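Participant: Let me give you the structure first, and then I'll get to my questions.
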2 protein chains.
Amino acid sequence: MNLAEVGSLVGDVARAQMLTHLLDGRALTAGELAWCAGITPQTASGHLSKLQKAGLLAMEKQGRHRYFRLASLTVANMLESMQVVCAVDTPRRIRPESRMDQDMRMARSCYDHLAGVLGVSLADALTRLGAIDLSSDGGMITDKGHGLFHEFGIDIDSLAKQKRCFCRPCLDWSERRHHIAGAVGKGLADRLFDLGWIERVRDSRVIRVTPSGRDGLKTTFAIDHPD
Amino acid sequence: MNLAEVGSLVGDVARAQMLTHLLDGRALTAGELAWCAGITPQTASGHLSKLQKAGLLAMEKQGRHRYFRLASLTVANMLESMQVVCAVDTPRRIRPESRMDQDMRMARSCYDHLAGVLGVSLADALTRLGAIDLSSDGGMITDKGHGLFHEFGIDIDSLAKQKRCFCRPCLDWSERRHHIAGAVGKGLADRLFDLGWIERVRDSRVIRVTPSGRDGLKTTFAIDHPD
DNA sequence: ATAACAATTCGGCCGCGACCGAACCGTGAC
DNA sequence: GTCACGGTTCGGTCGCGGCCGAATTGTTAT
């Protein structure tokens, strides 16, 4: 496979729409993806088999449904980096500011970690607390951070054993600032879900902060998450 | 701009070819790029103006020539991440192993740092020497590394002041291992050029290791670079 | 067994966009 | 001035690929 092939796979509006919807890491059925892209199921089927053959998507049969998800972190990273380029020179265009867009900018999932205002606030807060250092090097957890994460119920040592990148700054396309990705980013997001501080909004990447989450973020990280 | 637009820009064979040729960070004329892509100048002109309008390329007039280069590191990172996806599922295909391919795999420039066997060897050597730590976190320079880099004529402190990512592991598409990118990667490459240890091969991304470079790499980093 | 539904395959339509030939600008050389 | 050359603009051709309707396969429900 070469650059142009990958490009043209992403370069179709319908396919790009599907990939974007899969960017939160979930698996969706062929029908759902067709609906997302605004095309008929038979057209979507063609697109999906192309994407799968090319190794961008993984498929899993389940009864009469077929679930598709991004094939790997590598693919997610590629799509992210493409979105960053998209965002670069769309600086102050007056966008129609739909409710969904606003929610997306506020908090969303980014494959397996958190992005948007929430993601950036968390990165800021953890930096302010001296738990992580994203600024100078790729991203590391301080000794103090080890303690804080442990208190918060996250086992850093088991995260460090994973094969994937441990702690990576990931450029946020809406905020133009870094949030936390990598194993630590995922661990943090998982813990917030477990605590019931955040929850997914049906059929989208949008993340909602629950009332208890609002409290928790305030007391634990001194984050005032706007309503 | 949206994902599909970026994708389709890269998704054309001719344009992808041009972008690939620009990936070493140099600026090329419209004519050279047309030749690279194997198309007529008038067709290339159309492609180039599209890429420029989209913000992927920057253009500079010089006499009757027009020089094009990648607009930013962001764009280069995107193209790299796309190439990584390309390489993923082309595992052991018997490629025609041209001389150029072999040279490219051995040592090449990757926007502003080094890649290929040489890039990976350097990353390995510096890790072995305890100068850097790419494995666990995003990438950091140890105290010992500070000294080593300084002895080698690289001023780490001035690199750290730059706005860009300081030290980043970058997945090598040919070797499937990490090499050093970011400010440190660039600093290292620049220093090797200055020392005359490596030099560019005309009209390509290929890097040649000079005889004195072979000696230097051997004595300084214990790297045996194959001929 | 029959029906309902998810998904795919096939066939044909249609439009976008890549391509080149020709003509046209602008710069540099003489 | 004229000529040469790099680059762009315009116009027209052509083919690839996305799209849907219809028919098919396969699975679950009743």
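Participant: Counting only C-alpha contacts under 8 Å and six or more residues apart, can you give the relative contact order of chain A as a whole percent?
Facilitator: RCO, chain A: 16 percent.
Participant: A follow-up question, please. Per the helix-only calculation at 222 nm, which mean residue ellipticity applies to chain A, given -39500 (n - 2.57) for every DSSP H run of n ≥ 4 and division by its residues, nearest 500 deg cm²/dmol?
Facilitator: Working: 11 runs with 116 residues, N = 227.
Value at 222 nm, helices only, nearest 500: -15500 deg cm²/dmol.
Participant: Rounding to the nearest 20 debye, state how big the charge dipole of chain B is about its Cα centre with +1 on each Lys and Arg Cβ and -1 on each Asp and Glu Cβ.
Facilitator: On the way: 30 positive and 27 negative charges, 137 e Å.
Result for chain B is approximately 660 debye, rounded to the nearest 20.
Participant: Further, regarding this structure: What is the average number of partner chain Cβ atoms found within 10 Å of a Cβ in A:205-211? Present the calculation step by step, with values, prior to reporting the outcome.
Facilitator: On the way: counts 0, 0, 0, 0, 0, 0, 0.
Partner-chain Cβ atoms within 10 Å, mean over residues of A:205-211: 0.
Participant: Next up: Using the Cβ atoms and a cut-off under 11 Å, what net charge is assigned to the surroundings of A:ASP203, where Lys and Arg are +1 and Asp and Glu are -1?
Facilitator: +2
Participant: Right, here's the next one. Express the C-alpha Rg of the stretch B:179-227 as a ratio against the empirical globular expectation 2.2 N^0.38 Å, rounded to two decimals. Walk me through the numbers before you get to the answer.
Facilitator: Values: Rg = 11.0 Å, N = 49, 2.2 N^0.38 = 9.7 Å.
That ratio works out to 1.14.
Participant: If you don't mind, there's one more thing I want to ask. Calculate the dipole size of the protein assembly as shown relative to its Cα centre from +1 charges on Lys and Arg beta carbons and -1 charges on Asp and Glu beta carbons; express the result in debye to the nearest 20. Don't skip to the end; give the middle numbers.
Facilitator: On the way: 60 positive and 54 negative charges, 248 e Å.
Dipole about the Cα centre, nearest 20: 1200 debye.
Participant: Here's a follow-up. Per-residue Cβ counts within 10 Å, from other chains only, averaged over A:6-19: what number is that?
Facilitator: On the way: counts 10, 14, 8, 4, 10, 10, 4, 6, 1, 3, 7, 3, 0, 3.
Rounded to a whole number, the mean comes out at 6.
Participant: Given an 8 Å cut-off on Cα distances and at least 6 residues of separation, report the relative contact order of the stretch B:12-134 as a percent. Could you put the intermediate results ahead of the total?
Facilitator: Numbers: 112 pairs, mean separation 26.0, N = 123.
Normalised by residue count, the contact order of the stretch B:12-134 is 21 percent.
Participant: When the distances between all Cα atoms of the protein assembly as shown are binned every 10 Å from zero, what whole-number percent does each bin get?
Facilitator: 4, 19, 28, 27, 16, 5, 0
Participant: Under the Karplus relation 6.51 cos²θ - 1.76 cosθ + 1.60, θ = phi - 60°, what is the ordered set of whole-Hz ³J(HN,Hα) values for the stretch B:19-27, x standing for Gly and Pro?
Facilitator: Calculated HN-Hα couplings, in order: 4, 4, 5, 8, 5, 8, x, 7, 9 Hz.
Participant: Defining the label point at 7 Å along Cα→Cβ, can you sort the distances from B:PHE152 to the same site in each other copy, shortest first, in nm?
Facilitator: Shortest to longest, the spacings are 3.5 nm.
Participant: Take the Cα coordinates of chain B, assign each an equal point scatterer, and use the Debye formula without solvent to give log10 I(q)/I(0) at q = 0.08, 0.09 Å⁻¹.
Facilitator: Log-scaled intensity ratios, in q order: -0.31, -0.40.
Participant: Give the value in nm², to one decimal: projected area of the alpha carbon convex hull of the stretch A:1-60, averaged over all directions.
Facilitator: Working: hull surface 15.0 nm².
For the Cα atoms of the stretch A:1-60, the hull's average projected area reads 3.8 nm².
Throughout, read-outs are computed from the coordinates displayed, never taken from laboratory work. Everything numeric in this text was worked out from a predicted model, so none of it was measured. Glycine gets a Cβ as well: all are built from the backbone with ideal geometry, and neighbour counts include every protein chain shown.
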